[in-house]
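The structure appears below as C-alpha cells.
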Amino acid sequence: ATFFLLRGGSEPSQSTSVTSAPALATTLAPDMTLTAASSAVPQLIASTTQVYVGNTLTTSHNGRGLLEEGNGTAILLDYDTTFTLEESDGTGTHVSGSLAAGNVWARVEKVFGKGEYYKIKTQNAVAVVRGTSFGLSYRGGISKLQVATGTVGFMPVDPSTGEPIKTQKEVFVSGGNKATI
C-alpha cells in the first residue's frame, strides 16, 4: 500500500492547557467521524475540525483522514481505522494515541529529548518515536510496524493491562525495516 501525506495551510489554535490543546482532523476521502470523549454519538467530519484528548477518529471503508498537531506532526488514518488521541500537550512533546484497528502512517519531524515522547499503542504493542516516519497497523491481533526513516522503539504490551511486558525488551527498528508483534 502506498501512503502519502498532504499538508494544509491552516494551523490549529494553541492552548496552554495540557488536556485541551486541539489538534486538527481533516477528511481526505469520505467518510471520517469524530466521537467526543463525553459522547457516544459519532459526528461526521465534513472537512476539518478540532480534536481534543479523548476524542476518537474513525474512517469508513472508503474514508481517509489526517490528524495534525500544532508542531507539524501528522498522522494519516487509512481506510477502516479507529484512532483515539490519548494525550496531547499542544507543543507536540508529549503525544500518545491508541490504534484500535486499521492502519496509520505517522510523520514526526522533531527529534525528542529526554522525557519527551510520541507513541502509538495497539492492543498488543506500542511504538515510541524520537523523530521519524513510520506506519503501524493492527488487524486480527497482529501489530505490524514499517519504518521509512529514523528509528522507532517497538515492544509488546499485555493486552489486558496495556502495560509493556517486562520480560520482553524494546526493539529499535531503523529506516527501511519492519517488525511484527
The answer for the net charge of residues other than ASP31 whose Cβ lies under 14 angstrom from its Cβ, with Lys and Arg +1 and Asp and Glu -1, is -1
So who's got an amide H within less than 5 Å of the one on SER143, skipping anything under 5 residues away but keeping other chains? H placed 1.01 Å off N, in plane. ILE181
Carbon plus sulfur, as percent of the 1.4 Å-probe accessible area of segment 23-137, comes to 53 percent
Rounded to the nearest angstrom and ordered from largest down, what semi-axes does the equivalent ellipsoid of segment 130-181 get from its C-alpha gyration tensor (root of 5λ)? 20, 13, 8
Provide the gained length on full extension for the span SER160 to LEU44, in nm with one decimal, where the gain is 0.36 nm per separating residue minus the Cα-Cα distance. 38.7 nm
If amide H atoms are modeled at 1.01 Å from N in the peptide plane, then the residues at a separation of 5 or more from LEU28, or on another chain, having amide H under 5 Å from its own are ARG64, GLY65, LEU66
Taking 30 Å as R0, compute the FRET efficiency from the Cβ-Cβ separation of GLU109 and ASN177 and round it to 0.05. 0.90
With a probe of 1.4 Å, find how much accessible area segment 44-181 has per residue, and write the answer as a whole number in Å². 44 Å²
More than 23 angstrom separation, counting every C-alpha pair in segment 82-181; what % is that? 17 percent
Amide H partners (placed H, <5 Å) of ILE165, local residues excluded: VAL157, ASP158
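The values are calculated or read from the model by the stated rules, or taken from the named source; none is laboratory data. Everything quoted here is computed from the prediction, not taken from an experiment. We place every Cβ from the backbone using ideal geometry, glycine too, and count neighbours over all the protein chains shown. Please note that ligands, DNA and RNA were not included when accessible areas were found on the heavy atoms of the full protein model with its side chains. Shrake-Rupley method; radii C 1.70, N 1.55, O 1.52, S 1.80 Å.
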